[in-house]
Amino acid sequence: MDDLNQQRDFHHPYQPYGIQTEFMNAVYDCLESGKVGIFESPTGTGKSLSLICGSLTWLRDHKRRTFEEGFAVNDGADDEPAWVLEHAQKQRKEEALHRRQELNERLAKIKAKEKRAKERFEDGEPRYKRQKVAVGSQNGDDDEAQFALDDYESDDESRKTAGFAAFSESGLSSETQALMEKLGYSEGSRADEGDMPDETKIFFCSRTHSQLTQFTSELRRVRLPPAIISDDLDTNSIDTLSEDVKHLTLGSRKNLCINSKVNRLGNATAINERCVELQQASSVESRCPHMPTKENETLLNDFRDHALAKIRDIEDLGLLGKKMGICPYYASRPTIQHSEVI
């Protein structure tokens, strides 16, 4: 096992110290064996970067194995000849690779476009002028508030204060499920677009906002080879390939609400209640103008692609929603399916 550990390439952006290599191997082995681990390392030893490299290397390896196993020919499972099964396996595999490649190509185009037009994208007029949102419309918080995340609110408390229903096994509340069903993202059809599976993901949680920001900053340094590579690709060029990490930051309505009449309420509970009230309004005019709908599904998909095209922290995601005029809180929910790190 020690020899195997030494041979692992964790794609650390720098030459890792011995303690970092030990840390990354320990994280990898813990995930591989399906255990729960508690890790400790002295201050200044690059824990965040080691945690990222160790866990993401395992995730890409796991996705690669799972992908190959999913298309393995199962002898005896069908009465068809072996060559028919092998052809069907190859065809399904090529179709899955094509869907992944299409998503990666869309993200690459968006990334290149944002790089070419960075000033216009960040400081210019919103591309979608139908929804006008003032960038400075968030209520001002004191200096200390920027470091702490919102207080946790349990499902029971949410139901009492805002009439929320319980979360299902999918991890989505009934209100979110109802919205996604309107958009064609219901549990039974969330994978309709390209029939992409909801894959294993890494969830990184932290007590403070600043620590999450630090994590996203470190994540931008990492370059990993793709988990899935076409059989037709020249093996000599594989080592030079890289695939950006598909990352998504999730936050509360208080963090991501772009409706100035709602987010100025300040209190998280009041914002939650008002958001639900606007969703349940009887007339379209009374509802929040930034909510995703069936009519702006193209905009929702565009938000998803922009959100995944680069590593964004929670402020970036909120700004993206403002620029596009679509609620980043709800628009980020369907994006979870395509993410690797949340």
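The values are calculated or read from the model by the stated rules, or taken from the named source; none is laboratory data. Being a predicted model, the structure only gives us computed values, none of them experimental. Cβ sites come from the backbone with ideal geometry, for glycine too, and all protein chains shown count toward neighbours.
For the range 290-342, filtering for residues that are assigned to a loop (DSSP other than H, G, I, E, B) and without any contact (Cβ under 8 Å) to a residue 12 or more places away in the chain leaves 1.
Looking across S282, S242, one residue alone is hydroxyl-bearing (S, T, Y), within 25 Å of L212 (Cα to Cα) and outside any helix (DSSP H, G or I). It is S242. Residues that are loosely packed, with under 12 Cβ neighbours inside 10 Å, assigned to a helix (DSSP H, G or I) and at pLDDT 90 or above occur at least once in the range 254-269. Please verify whether the range 328-340 includes one or more residues that are closer than 29 Å to A96 by Cα, surrounded by fewer than 19 Cβ atoms within 10 Å (Cβ to Cβ), at pLDDT 90 or above and under 18 Å from the mean Cα position of the chain (by Cα). Looking through the range 328-340, at least one residue is closer than 29 Å to A96 by Cα, surrounded by fewer than 19 Cβ atoms within 10 Å (Cβ to Cβ), at pLDDT 90 or above and under 18 Å from the mean Cα position of the chain (by Cα).
Sort out which residues of the range 68-121 are small (G, A, S) and at pLDDT below 75, and write them in order of number. Of everything in the range 68-121, those that are small (G, A, S) and at pLDDT below 75 turn out to be G70, A72, G76, A77, A82, A88, A96, A117. Tallying residues that are crowded, with 18+ Cβ neighbours inside 10 Å and assigned to a helix (DSSP H, G or I) within the range 29-47 yields 1. Within the range 98-126, residues that are outside any helix (DSSP H, G or I) reach partners that are of a type in the set (G, A, S) and modelled with pLDDT of 70 or more with beta carbons closer than 7 Å, at six or more positions or on different chains, in the pairs P126/G325.
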